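Structure, as structure tokens:
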Amino acid sequence: MSIGFVLLVHENLDRVAQLVAALHRMGCKLAIHVDAKVPESEYMAFRQVVDGLESVVLAPRLHCEWGRFSLVEAQFRAVECLLAGFPCVSHITLLSGSCLPSRPLGEFITFLQQNPDTDYIESVRVGDKTWIKGGLESERLSLYFPFSFVRNRRIFDLFVELQRKLGIKRKMPSGLTPHIGSQWWTLTRATLSAILKDPQRPVYDRYFKKCWIPDESYFQTLARKHSQNLKSRSLTFTRFDFRGKPMMFYDDHLRFIEHIDSYFIRKTWCGAKALYTTLLDPDRQAARRNPDMETAFLATIEKAENRRIKGRQGLVMQGQVPRLTEQVAAAPYTVLSGFDHVFQDFPDWIKQETGLEYFQHLFSRQRKPYQELAPRLKGNLGGSPRLRNHNPEGFLLNFIWNQRDDDPLFALDPGKNQRLARFIARDPKARVFFIRSVWLLRLFRNNERDIQALQSKISLRLRQEQAQLSALLSGNAKVKIISLNEILSQPGAVLEELVFELRPSLAQKNRDLPVLLPREGLEEYIEFLRDAGLNWHREAENSPDIVENSYE
């Protein structure tokens, strides 16, 4: 009894030569298919290395492409060479050039000798279980795929969509039940011979040539027909990320690898010197498998994948934005709305009383105020309002990330940043102090007297404010609604509550209040609005959807 290997190779031939030498030392027989894309000079150098090995054959080269039937044809060529050249081979294992043994090779050989009539190939019935990470599953077998996914992605997608609209659904050849699974298998000589010599093979080949990624379905389906004892598992450990890309093994995985429930791993980084040195050592003595180590390894990988998808809480990165699912900042932050229209030199007062920097123009719609502020921002957020406004949510999360140790505090006008206000309202780490009807001060200071124009403006402002407050109060943020009358009549009480939220240790301290901006004539202006039939105060105060104080 002898064990055979088929290697599919397309890069890093120096590392492949190391794997070949290790397998050859153990008396294994090998058939190697080197992709025709590999430059001739590299191929000839590799050939000189393996030509002297009597148990190694090189299969005729074929130009292979991911997702196409050419990968299955390459396996056929190598398997045929191996079966014809080495009649003693009882099992054949398919590996890639970047695979390495996770357990000593002698242990793997003993395992197969103890199970002489068993085929090991992951073979999952299509539709019974979600096996793939994303993309097409049953449709990869029921639609036509004449175009290359790699070279003609747009045409590929359009043709798939067209077939869906036309209701195209190909039928599997009679006698076969579609299965999919890992490309990497270990099959007995009997099963492989039966697949290769199947009278219906030309029919099967024609069918699978029009499928997508047939290397994950051809042998997985045909093995179900011909195997007498099939175990639906691969002896090669593979793991794919959310995009369907295989996980890469590095040197820092070394202490976990021998505890994985497999005999080989894929895929290994070519620069992982410790892995190649240790795992290919002919005198290697592996420790007994420890399931807890495997569990710890898988948990670590899961954590790393989640970090890659979600990022760190509150930190938005280029690769994370398309899959941004959590809208939570990195640290608690405070948003003030309307205070700059009530108090004079308010940023200076906040700095003096709390030691916190108040970013008054963080979301200013005017270019100059923001550009003057930008140099003080940490993290090189940039001085262009246009870039800031392109993705304001991402800008806000990165701003808070950079300021997370300094209790971020900034001004925001929800009326001018409604999209951002809705985003903030969903964030449980946000604290919002909102002065209602502060827009009235703007009308007053502009001394607007045109009744018709005022009627339109006041109606618009009330509707906008209603929407803003409803959004703020419907989310997870802590929101304090302050009436204009309250802030003007009791500024000390309002500011004391604000200081307590920002710096609890400074509460109930005698302090000077900031100067109120001039408001002489405000009462007369309000009376003018009332006499004109524009009773803004009553409409705002009696709005049924507004809660006076929702901050707890």
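Within the span defined as segment 430-440, every residue fails to be surrounded by fewer than 19 Cβ atoms within 10 Å (Cβ to Cβ), over 25 Å from the mean Cα position of the chain (by Cα) and on the phi < 0 side of the Ramachandran plot. For segment 239-252, residues that are of a type outside the set (A, V, I, L, M, F, W, C) and modelled with pLDDT of 95 or more total 2.
Mind checking which helices (runs of 4 or more DSSP H) fall wholly inside segment 68-176 and carry at least 2 residues that are of a type in the set (Val, Ile, Thr)? Quick ask: steps written out before the conclusion?
Working: elements: 70-85, 105-114, 139-142, 153-166.
Passing ranges, in order: 70-85, 105-114, 153-166.
For segment 396-413, check the following and say yes or no: at least one residue is among the polar types (S, T, N, Q), modelled with pLDDT of 90 or more and part of a helix (DSSP H, G or I). Before you say what the answer is, go through the steps one by one.
Here is the first cut: in segment 396-413, the residues among the polar types (S, T, N, Q) are 398, 402-403.
Pick out the ones that are also modelled with pLDDT of 90 or more and you get 402-403.
This time we only want the ones that are part of a helix (DSSP H, G or I), so: 402.
Yes, segment 396-413 contains a residue that is among the polar types (S, T, N, Q), modelled with pLDDT of 90 or more and part of a helix (DSSP H, G or I).
Is it the case that residue 296 is of a type outside the set (S, T, N, Q), touching a residue at least 40 places away in the same chain (Cβ under 8 Å) and either touching a strand residue (DSSP E or B) at 6+ places or on another chain (Cβ under 8 Å) or assigned to a loop (DSSP other than H, G, I, E, B) (or both)? Answer is no for this residue. Restricting 518, 514 to residues that are at pLDDT 80 or above, over 20 Å from residue 335 (Cα atoms), in contact with a helix residue (DSSP H, G or I) (Cβ under 9 Å, 6 or more places away or on another chain) and not in a helix (DSSP H, G or I) narrows the list to 518.
Filtering segment 11-22 to residues that are within 35 Å of the chain's Cα centre (by Cα) and under 27 Å from residue 193 (Cβ atoms) leaves 16, 19.
Annotation note: of 481, 487, the sole residue that is outside any helix (DSSP H, G or I), modelled with pLDDT of 90 or more, β-branched (Val, Ile, Thr) and surrounded by 13 or more Cβ atoms within 10 Å (Cβ to Cβ) is 481.
Whenever a residue of segment 140-157 is touching a residue at least 12 places away in the same chain (Cβ under 8 Å) and of a type in the set (S, T, N, Q), its partners that are outside any helix (DSSP H, G or I) and surrounded by fewer than 18 Cβ atoms within 10 Å (Cβ to Cβ), lying with C-beta atoms within less than 8 angstrom and at least six residues away or across chains, give the pairs 142/168; 142/169; 142/170; 148/65.
Which one of 22, 31 is touching a helix residue (DSSP H, G or I) at 6+ places or on another chain (Cβ under 8 Å), buried (at least 16 other Cβ atoms within 10 Å of the Cβ) and within 13 Å of residue 101 (Cα to Cα)? First the steps, then the outcome.
Working: 31 fails: within 13 Å of residue 101 (Cα to Cα).
Answer to the check: 22.
Would a scan of segment 404-415 turn up a residue that is over 29 Å from residue 375 (Cβ atoms) and either assigned by TED's automatic domain parsing to the domain that holds residue 487 or surrounded by fewer than 22 Cβ atoms within 10 Å (Cβ to Cβ) (or both)? No.
For segment 253-290, taking the residues that are over 28 Å from the mean Cα position of the chain (by Cα) and under 22 Å from residue 302 (Cβ atoms), the one that is surrounded by the most Cβ atoms within 10 Å (Cβ to Cβ) is identified as 258.
Answer yes or no as to whether residue 223 is within 23 Å of residue 67 (Cα to Cα) and either of a type in the set (A, V, I, L, M, F, W, C) or assigned to a loop (DSSP other than H, G, I, E, B) (or both). Spelling it out, residue 223 is indeed within 23 Å of residue 67 (Cα to Cα) and either of a type in the set (A, V, I, L, M, F, W, C) or assigned to a loop (DSSP other than H, G, I, E, B) (or both).
The values are calculated or read from the model by the stated rules, or taken from the named source; none is laboratory data. Keep in mind it's a predicted model, so treat the numbers as computed, not measured. Here Cβ is always computed from backbone atoms with ideal geometry, including for glycine, and neighbour counts include all displayed protein chains.
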